[in-house]
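The values are calculated or read from the model by the stated rules, or taken from the named source; none is laboratory data. All values reported here derive from a predicted model rather than from experimental measurement. So basically every Cβ, Gly included, is an ideal-geometry build from the backbone, and we count neighbours across all protein chains shown. Note: areas computed on protein heavy atoms with side chains; ligands, DNA, RNA excluded. Shrake-Rupley method; radii C 1.70, N 1.55, O 1.52, S 1.80 Å.
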Amino acid sequence: MVSAIVTISMAVSSEAMPERSFDFRAPPPSPIASGRRSCVSNDDVLSEFLEHSLRVPDLILPDKVFPRHKFIDNPPKIDFQLLNSMETDSLPSILDSIATIGCFQLVNYGIPGESIRAALSAATGIFQLPHEKRTAVTRSPEKLYGFEEVHGEDEGEMGEEFVWCRGEGLKLEMEGIWPVGYSNFSEKMETLLSDIEKVAEKILLVIRESYPQKSGHDNDDMMMQYCQDVIGSACYLYKHSKHVSADKWSSSLRYDVIRMLIRGIDYSHALCLHFCDGSSEFHVYSKKGWVSFCPDKDALVITIGDQTQATSGGQLKHVIGRPIYNGDKEDHISMAFLYSTPTPSISSSSRQVDLEKGKIISLSQQAIAALLLTLVYHLFLYVYNKF
């Protein structure tokens, strides 16, 4: 009875309670352009607007960022046989010109032409090796010798590069892919390098007498850093391809300038001696500018290296040179020998400090010494407790 009354009362109360309405507001409609235009037409207008507004303008780098190419008169020419007997009045003017350009030409240097031609003839076999074999001797940050990695077909069409140096690592790898010809090639290069080192040593002697090394903490630290990177003399062999258009030459030269500004040369060196007989031009790259000239026939072009810049106190600037064979109908091979002179006083200071300051002990040696002292301590403790 009670449950029936409760049911009836709930029904009556539910009927008496007014129905509650909920107010849902829909979002405003999207704006639609006036007129009866289809969505396809609107998309075409939007696409055209984005195409014009998002177009990237053509940028031209200023001269301060990208150096402008300048053609200059030939740098000074020095007779190697008269180097010791040169008048003291004429030598400063030549050195000032070298300090401005960063290079000079050397004639009558006494290296037999047969040795140069024999090395160039043997070097042709290097660039005849198939590309699948070259991958085993490709250069890397850990391995500075071997073939330069080619990025794209255009770079390979311009030329090919190979770095030769003294060392068992390169010898073993090259004999694995070229067992017959590499021994002959390496022998020719060793003979030529011996003659080049004699010429470079004499030139450096004159430069150091004219630009005595300045003593100072900053300069000593710079020389120690250079000497730590010295690996030894090396040779860059570059094969210049034939039938290259002027546009490709222009783009290749700009690429070389950018690579020089960013990367430079992997090998630290004092002088670079370029054999580039028959070249139409010789380009010199530096952070100060980009110049070129026409080298004399049979002249040896010598550029200043980073080690000479350090020993001269910055008076002689480090530059990078490259010969150009433009418009030739046959391939050419040029050689650039990077000479690094051994300096016992500096190299010894880079490995150890002065005796008055003590000897530097590495962390591995300290760990071994600590381990040995611990073992000796436990041995003495065992013997003391035993007896």
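Inside segment 297-318, residues that are of a type outside the set (D, E, K, R), in a loop (DSSP other than H, G, I, E, B) and under 21 Å from GLY113 (Cα atoms) make up a count of 1. Does ILE126 satisfy being touching a Leu at 6+ places or on another chain (Cβ under 8 Å) and within 30 Å of LYS77 (Cβ to Cβ)? Spelling it out, it is not the case that ILE126 is touching a Leu at 6+ places or on another chain (Cβ under 8 Å) and within 30 Å of LYS77 (Cβ to Cβ). Considered as a group, the residues in segment 160-176 that are of a type in the set (A, V, I, L, M, F, W, C) and open to solvent by less than 30 Å² (accessible area, probe 1.4 Å) include one that is nearest to PHE127 (Cα to Cα), and that residue is PHE162. Among residues of segment 97-109 being open to solvent by less than 60 Å² (accessible area, probe 1.4 Å) and more than 27 Å from the chain's Cα centre (by Cα), the one that is farthest from LYS198 (Cα to Cα) is VAL107. The set of residues in segment 121-143 being closer than 17 Å to ALA234 by Cβ and either more than 20 Å from the chain's Cα centre (by Cα) or at pLDDT below 85 (or both) consists of ALA122, ALA123, ILE126, PRO141, GLU142.
Conditions (1) touching a Phe, Trp or Tyr at 6+ places or on another chain (Cβ under 9 Å); (2) hydrophobic (A, V, I, L, M, F, W, C); (3) in a loop (DSSP other than H, G, I, E, B), marked per residue:
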residue: GLY110; (1), (2), (3): yes, no, yes
residue: GLU114; (1), (2), (3): no, no, no
residue: ALA118; (1), (2), (3): no, yes, no
residue: SER121; (1), (2), (3): no, no, no
residue: PHE127; (1), (2), (3): yes, yes, no
residue: ALA136; (1), (2), (3): no, yes, no
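Specify the residue that is modelled with the highest pLDDT; the eligible residues are those in segment 319-352 that are in a loop (DSSP other than H, G, I, E, B) and under 16 Å from PHE282 (Cα atoms). Among those residues, the one meeting the criterion is VAL319.
Within segment 91-112, being in contact with a strand residue (DSSP E or B) (Cβ under 7 Å, 6 or more places away or on another chain) and of a type in the set (A, V, I, L, M) holds for ILE94, ILE98, ILE101, LEU106, VAL107. Is there a residue being of a type in the set (A, V, I, L, M, F, W, C) and part of a helix (DSSP H, G or I) anywhere in segment 289-296? No: zero hits.
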